[in-house]
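Okay, structure first, notes after.
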């Protein structure tokens, strides 16, 4: 089976499993429940004047929200990506595309990722697996991914556990950091490194800072487990058992966010992994996040329609604004490092 066929079929399976199966972490939570805001009964603010906007990489966003990288490379993925893009444009939030490896292998699939016609103004992230730099990808493929979708920046995603538990996984990760460093120092757009749901440790974050990344997406544990996804599509019992063993592997989102901020205090940090409401968004911002990403909830809404996705985003922003109101935070700068976020036992 040609490599591009394997990749495209994998994308179809991933999409179906995420829409139809339960692949959430079993016993690992985001850790955000360990933090609680101290309610301020006299906020001395006008709710209508609360400002959730920010500027990042030269783009103005209405809220610190990111439609996290999810899909592409299949016909149904094209419809979902276009619904997501229309929603991101309407609400002026950021969006990441799924891994573009399928379209690099088969340019006919590029259309499943191309959304700029619907979203000319959004902060848009291209996406490739960093490990592909160890399997023949060069700066040329990175540039092709960016140009394919007219992206503002490039996500290089890290997914060693997912690769290790899947059939045909890419498991030679030696020497990869130096190649990431070369990409960071050569590309004309910012390079952001992200996990896919297992989190990034303080040690790894320090390595990435030294390599020159412009931001880090922690993508912690507590939401979708990609080991679980691979267990659902395993071709034999041995691989299924291996993937199931790592179902709950990873660093919870709150914990990885704290670790990465300690290692990279000067970088924008994106928080994702199991985020489900605006209070959790507010907690992530208070812990230091510049953007907060959601994948599974947005995927399910965009599967319905762009209107459903827009409504979901509006609800998140409203919840965020009310949470800010409840802790007397007039803007995101005030919310960040809020004295009213406490860790509870």
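Only helices enter this figure: runs of n ≥ 4 DSSP H residues, each worth -39500 (n - 2.57), summed and divided by the residues of the chain, yield -13000 deg cm²/dmol at 222 nm to the nearest 500. Take every Cα pair under 8 Å whose residues are at least 6 apart in sequence, average their separation, divide by the length of the chain, and the relative contact order is 23 percent.
With each label modelled as a point 7 angstrom along the Cα→C-beta vector, the residue 27-residue 177 pair spans 3.2 nm.
Could you identify which residue out of 88, 145, 237 has the top mean-square fluctuation in a GNM of the chain using Cα springs shorter than 10 Å? In this elastic network of the chain, the residue with the biggest mean-square fluctuation among 88, 145, 237 is 237. Annotation: extensible slack from residue 16 through residue 238 equals 77.7 nm (criterion: 0.36 nm per residue apart, minus Cα-Cα distance). Note on the chain: with a GNM built from Cα contacts shorter than 10 Å, the maximum mean-square fluctuation among 55, 78, 141 falls on 55. In terms of packing, defined here as the mean over residues of other Cβ atoms within 10 angstrom, the peptides 119-130, 284-295, 203-214 line up highest first as 284-295, 119-130, 203-214.
Our analysis of segment 222-345 gives Rg over Rh at 1.05, with the two radii drawn from alpha carbon positions and Rh computed by the Kirkwood formula.
Helix 139-149 and the longest principal axis of the C-alpha atoms of the chain enclose an angle of approximately 60°. In terms of other Cβ atoms within 10 Å, 300, 194, 241, 283 run from fewest to most in the order 241, 300, 194, 283.
Placing a label point 7 Å from the Cα of residue 42 along the Cα-to-Cβ direction, the residues of segment 304-345 with a backbone N closer than 18 Å are 325-330, 340. Between residue 51 and residue 210, the simple spin-label model (points 7 angstrom out along Cα→Cβ) gives 3.9 nm. Modelled label positions at residue 59 and residue 203, each set 7 Å beyond Cα in the direction of Cβ, lie 3.4 nm from each other. Counting neighbouring Cβ atoms within 10 Å and putting the fewest first, the residues 146, 251 line up as 146, 251. Sorting the segments 25-31, 60-66 by their residues' average number of neighbouring beta-carbon atoms within 10 angstrom, most packed first, yields 60-66, 25-31. Scattering from segment 134-228 was approximated by placing one identical point on each alpha carbon and applying the Debye formula without solvent; log10 I(q)/I(0) at 0.17, 0.18, 0.22 1/Å stands at -0.81, -0.91, -1.28. Would you look at the GNM of the chain, springs on alpha carbons closer than 10 Å, and say which of 136, 266, 274 moves the most? Of 136, 266, 274, the Gaussian network model singles out 136 as fluctuating most. Here, the chain is characterised by an Rg to Rh ratio of 0.95, where Rg is the alpha-carbon radius of gyration and Rh the Kirkwood radius.
Bear in mind these aren't lab numbers, they're just calculated from the coordinates by the rules spelled out. What you see is a predicted model, and the numbers here were worked out from it, not measured in a lab. Note: ideal-geometry Cβ built from the backbone for every residue, glycine included; neighbour counts use all protein chains shown.
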